[in-house]
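Contents: one structure, followed by commentary.
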Amino acid sequence: MNIIHNRTFSHELKGILKYIADDKPSVSLKFKDGLKLKIREIPANPFKYKQSLYFDDKNIRDMTYKTYTVVYELNFEKDSVEILKIFNRNKPKN
């Protein structure tokens, strides 16, 4: 499966990384690397994470990383995983 990062996810991730880097740049890099590794594991077990609380679709899942929720969509016709959003799991943004 191909992994696609949509624009919303990329924009939100940049904001999170900047926020973390303002305090500790090395932690920001560690966060980014850890998140990349976790996202790369999705195709091996795409249903590992629970169905999204925010969408009524079994192919949209919520992965938790640290204090963040990463929402992704499985598309078996296109053989892809699209990473849709990332947000602090206590504060979803519309």
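Every number in this text was worked out from the coordinates using simple rules, so none of it is lab data. In this text, all values refer to a predicted model and were calculated from it rather than measured experimentally. For neighbour counting, all protein chains shown are included, and Cβ atoms are generated from backbone atoms with ideal geometry for every residue, glycine included.
For the residue pairs 14/36; 36/85; 30/85; 18/85; 24/48, the alpha carbons lie more than 24 Å apart in 24/48.
As an exercise, take the mean of 1/r over every pair of distinct alpha carbons in the range 42-94, invert it, and state the Kirkwood radius in angstroms.
Numbers: mean 1/r = 0.0888 Å⁻¹.
Result for the range 42-94, one decimal place: 11.3 Å.
Remind me, relative contact order of the chain in percent, using alpha carbon pairs under 8 angstrom and six or more residues apart?
On the way: 122 pairs, mean separation 29.4, N = 94.
Relative CO of the chain lands at 31 percent.
For the Cα atoms of the chain, what angle does the longest principal axis make with the long axis of helix 7-23, in degrees from 0 to 90, nearest 10? Computed tilt is about 30 degrees.
Where the only charges are on Cβ atoms (+1 Lys, Arg; -1 Asp, Glu), what is the dipole of the chain about its Cα centre, to the nearest 20 debye?
Numbers: 19 positive and 12 negative charges, 77 e Å.
Roughly 360 debye, rounded to the nearest 20.
With loop membership from DSSP and a limit of 15 other Cβ atoms within 10 Å, the longest segment of the chain without GluC sites (Glu not before Pro) is 1-40. Using Cα atoms only, what is the angle between the long axis of helix 25-40 and the major principal axis of the chain, expressed in degrees (0 to 90) to the nearest 10? Roughly 10 degrees, rounded to the nearest 10.
Of 5, 11, how do they rank once you tally other Cβ atoms within 10 Å and put the fewest first? Each step should come with its number before you reach the end.
Numbers: 5 15, 11 12.
Result, fewest neighbours first: 11, 5.
What are the semi-axes of the equivalent ellipsoid for the chain, taken as the square roots of 5 times the Cα gyration tensor eigenvalues, largest first, in whole Å?
Numbers: eigenvalues 105, 41, 26 Å².
For the chain, the ellipsoid semi-axes come out as 23, 14, 11 Å.
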